[in-house]
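> Sharing a structure, written as structure tokens. Questions coming.
Taken together, the values in this text are just the output of simple stated rules run on the coordinates, not laboratory data. Since the model is a prediction, treat every value here as computed from it, not as a measurement. Heads up, the Cβs are rebuilt from the backbone with ideal geometry, glycines too, and the neighbour counts pull from every protein chain shown.
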Amino acid sequence: DCGACHTFTLPVQQTGADFYISDATFAPFSLRSAISFQYEGVATRWEERQLLPSVGASDSEFFVINGTQYLAVAHYRAHESCFGDVECTNPAGADPLVKDTVTPYNIESKIWRFNGTDFEEHQGIATRGSLDMEHFQISGEHYLVSANNFDSSRSSAETTSTVFRWQVIPPVINGSNVTSAGPSGNGSNVNGSSAEQMDPTANETNASEVRGFVPYQEIPTHDVRKVVYFQKDGQHYLIVIGSPSKAREHGSVLWRWDGVKFTYAGELGAGEASAVSVFSIDDALYIAVAVAQSPRGVYSTNSG
């Protein structure tokens, strides 16, 4: 086994009196499982607690909604026989409905709910080669954004990333149940325009109705690897990290919340980016971008 073949990210989260680790291994070419471990204080070691079935798991995001703990697991690619895209890239314009057209990236990512003992599946959400999940709140509403890296149906890394909103799950959206939206990504507009905004009164319902994440907005992205939410001077932002495209000169793009949706707010002068960190030092906000190709830099909101 090649110990250097994979990178392991183990974010520790607390659930009640137990500590858990989620395995967010980026292994797109093989069938893997997300794993949760429970820390045994007496033995000072981590014991396997639960296996969560997944396909090409690339990221996990823990969050709490109304006192209930959830874990979002991003799924990148389904088929392990697609190494190097030799077998899995379709010709441009290929019809995704044709029987022999392969769409390994257009798969559901999963939302898991903690029931007090274990994580159980809450819902599936339609994603396209998801590499990252980011949860945040705006005005009391919960959102989850999936960084969609590749759209199999269009054989292109130029696609859209989906902003989901937590609300009552409609029984049908565009003719399909939200919990099994399928590879087409219902509610999506791959041309890059904003998705239809949901009825603001949709959450005003009785407690017996099922709630989950519903597609709210599509943000045009290209070869996206990471999405980070942050606030500055009372404004809400997303920074999307990816590669330059025909529409964008740079790979790091800012989006600002206008009260209803995210709108384009500019770019950082960095080339192909792979990671980002947002932090504060002495009341100044900084954005550090890891760039695969020069130029490189650290950007401050106070640097002009």
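> Amide H of S161 versus every other amide H placed in the peptide plane: which residues, excluding those fewer than 5 positions away on the same chain, fall under 5 Å?
N148, I219, T221
> So for each of 234-240, 280-286, 63-69 I average, over its residues, the number of other beta carbons within 10 Å; can you give me the resulting order with the highest mean first? Could you put the intermediate results ahead of the total?
Working: 234-240: 18.0, 280-286: 10.4, 63-69: 12.9.
Highest-to-lowest ranking by the protection proxy: 234-240, 63-69, 280-286.
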